[in-house]
Structure formats: structure tokens, C-alpha cells
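Where a number appears in this text, it was derived from the coordinates with a stated rule and is not lab data. Just so it is clear, the structure is predicted and the values come from calculations on it, not from any experiment. Please note: Cβ atoms are built from the backbone with ideal geometry, for glycine as well, and neighbour counts cover all protein chains shown.
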Amino acid sequence: MIANEFSKIFEMSVAQRILLVEELWDSIADNPEAIPITDSQKKELEKRLDAYYASPEAGTSWELHAKRDPKLLKERYLKTID
């Protein structure tokens, strides 16, 4: 199992592991073309883009959602680091 290969990771504090995961995720996000998407995912993205282009004013910005529900803002931006 992969956990055995990386056992030292589990000796890290939770905050250190969160930072590690963030760094791993960022390294994946830096290379989005390496992440395959299925045909059904492509169709869904196209459908959503078409809906946006047909009526861009119908959507709601992230900022507006965060104002309506401060919990969203907290969950997205609040990070606790030891």
C-alpha cells in the first residue's frame, strides 16, 4: 500500500500534512492538460459554457454567494496552520 511507502508523512502534524497536500494540489493544477476528462465531462462543460454565453447576467459571482453565506467565505479562505 502507498501509505507504507510514505509512512513519514503520517508523523507530520495535521497542519504540515495540509500544507503538503496544498503543494501537491498546486503542482497538479500547474499542469491541467495532464488531467484527463471524460467525454461526458466535456459535454457538461460545453453545456455550462453555452448557458453562460447565452445569458451571462443569469449567473451569480462567488463574491455575492460569500456575502449571502459567510460560512462559504470562511470555508474557502480560512486556514489554520500550527
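Please find, among Ile28, Ile37, the residue that is assigned to a loop (DSSP other than H, G, I, E, B) and not hydroxyl-bearing (Ser, Thr, Tyr).
None of the others qualify; the one that does is Ile37.
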Q.
Under 9 Å between Cβ atoms, which residue pairs at least 6 apart in sequence (or on different chains) link something in the range 23-46 that is within 21 Å of Ile9 (Cβ to Cβ) with a partner that is in a helix (DSSP H, G or I)?
A. Ile28/Ala34
